[in-house]
Structures are given as structure tokens and as C-alpha cells.
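S.K.: My questions all concern the structure below.
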Amino acid sequence: MINTFKGNSWKYKDDVDTDVIIPARYLNTSDESELAKHCMEDIDSAFALNVKPGDIIVAGENFGCGSSREHAPISIKASGITVVIAKTFARIFYRNAINIGLPIMEHPTMPDECDKGDVIECDLGNGIIKNLTKNKEYQCAKFSVEIQQLIQDGGLVNHTRTKLGVK
């Protein structure tokens, strides 16, 4: 099972809502690559142009607040982000992220001690976040084996297909 992710951080503040994660004007498509092109553009115009596969978003409280659209976590995952770390998540975003296979981790102080570009390593299986740039380690709640498998399978739909033996 893939449990560890490592990448450069993109740093955001509190209350990043789904309307800035993926603006409503782009909700006329479900094409993941098209959504990725516009991810975060209203809060960070450089994001979609400069995000690299494996990068990690670090944010403050209430990440993903706003509407319940799945387009928000889908656009983040499609952009190449492997994990989102925040102080707290809006509950609907939290569940949508898990359902589409986007790992998320909560920690109350780690985001305050992180800067944009820090190299972050996340161990989902053990609930450990490391800021390799600052040589700091944080313990957080770990996902159950079942949730880790769901994430590895690429989300709830793919996980269900795998369990049913359907391709």
C-alpha cells in the first residue's frame, strides 16, 4: 500500500472555499484535466501553471468550505497535488476528498510552521507529517487500513469496482 507522499508545499490561509478552489464559471465540465487548468486561479494565479506532480497543499482552518461540489477536490487531485494538509476541513470537503481518493491530513499547528516551497513528507499509514525543510515532525490521526485502501484504489467508485471485480 502506498502510504508516503513527498513534495513541495503550496501555502494558503484560513477559509479557502470551493469557489476559489475551482471557480463556478468552470463547473460546466467534468473533464479533470480542464478543471486542473483552473484550480486555485482566483486565489493564486500561479498555481495551475507551476504546480508539479507530487506537490502538497498546506492551509489553515476550514479548508474547502462553501458548496458541496466534488469538482473542488477533483481539480486539486487532477492538478497533481498528492495530499492536502490543513488545520481543519469543511466536513463535506473532507468526505468528498476521501471519496475521490485525495488524501487529506489535519494538524492544528503544522500549517503555521510551514512556508511555501517547504519540502513535506506525509505518512498516511502512521499519521506522520514531516517538514523536511525545517526538520520538524508532527503526529496526527492516521487513516484506517480501509480508508488507505480506498485512497490507493483512486476513490470510492474505483474501490467498489475493485471489490466487485469490475473493470
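The values are calculated or read from the model by the stated rules, or taken from the named source; none is laboratory data. As the structure is a prediction and not an experimental result, all values here were calculated from the model. As a convention, Cβ positions derive from the backbone with ideal geometry for all residues, glycine included, and neighbour counts pool all protein chains shown.
S.K.: Restricting the search to segment 86-104, which residues are touching a helix residue (DSSP H, G or I) at 6+ places or on another chain (Cβ under 6 Å) and touching a residue at least 60 places away in the same chain (Cβ under 8 Å)?
M.R.: Result: K87, P103.
S.K.: If I go through segment 105-138 residue by residue, how many of them are buried (at least 23 other Cβ atoms within 10 Å of the Cβ), free of Cβ contacts under 8 Å to residues at least 60 places away in the same chain and β-branched (V, I, T)?
M.R.: Residues flagged as buried (at least 23 other Cβ atoms within 10 Å of the Cβ), free of Cβ contacts under 8 Å to residues at least 60 places away in the same chain and β-branched (V, I, T) within segment 105-138 amount to 1.
S.K.: Oh, and also: Going through segment 6-46 one residue at a time, which ones are surrounded by 14 or more Cβ atoms within 10 Å (Cβ to Cβ), among the aliphatic types (A, V, I, L, M), free of Cβ contacts under 8 Å to residues at least 40 places away in the same chain and under 13 Å from A72 (Cα atoms)?
M.R.: Result: V20, M40.
S.K.: Which condition breaks for R25 when tested against (1) out of contact with any strand residue (DSSP E or B) (no Cβ under 9 Å at 6 or more places or on another chain); (2) at pLDDT 95 or above?
M.R.: All conditions are met except number (2).
S.K.: In addition: Of the residues G66, G54, G60, G80, which is in contact with a strand residue (DSSP E or B) (Cβ under 9 Å, 6 or more places away or on another chain) and at pLDDT below 95?
M.R.: Going through G66, G54, G60, G80 in turn, just one is in contact with a strand residue (DSSP E or B) (Cβ under 9 Å, 6 or more places away or on another chain) and at pLDDT below 95: G66.
S.K.: Take the residues in segment 10-54 that are in contact with a Gly (Cβ under 8 Å, 6 or more places away or on another chain) and of a type in the set (V, I, T); name whichever of them is farthest from D115 (Cα to Cα).
M.R.: T18
S.K.: Only one of these is at pLDDT below 95 and either touching a strand residue (DSSP E or B) at 6+ places or on another chain (Cβ under 7 Å) or within 23 Å of A141 (Cβ to Cβ) (or both): I92, I120. Name it.
M.R.: I92
S.K.: Which one is farthest from the chain's Cα centre (by Cα), of the residues in segment 47-57 that are within 15 Å of E121 (Cβ to Cβ) and crowded, with 16+ Cβ neighbours inside 10 Å?
M.R.: That would be D55.
S.K.: While we're on this one: Give the residues of segment 126-167 that are modelled with pLDDT of 95 or more, of a type in the set (D, E, K, R) and in a loop (DSSP other than H, G, I, E, B), sorted by residue number.
M.R.: If the condition is that a residue be modelled with pLDDT of 95 or more, of a type in the set (D, E, K, R) and in a loop (DSSP other than H, G, I, E, B), then K134 is the only one that fits.
S.K.: Given the conditions (1) among the β-branched types (V, I, T); (2) over 21 Å from L156 (Cα atoms); (3) in contact with a helix residue (DSSP H, G or I) (Cβ under 9 Å, 6 or more places away or on another chain), report the number of the one that I74 does not fulfil.
M.R.: Against the list (1) among the β-branched types (V, I, T); (2) over 21 Å from L156 (Cα atoms); (3) in contact with a helix residue (DSSP H, G or I) (Cβ under 9 Å, 6 or more places away or on another chain), I74 comes up short only on (2).
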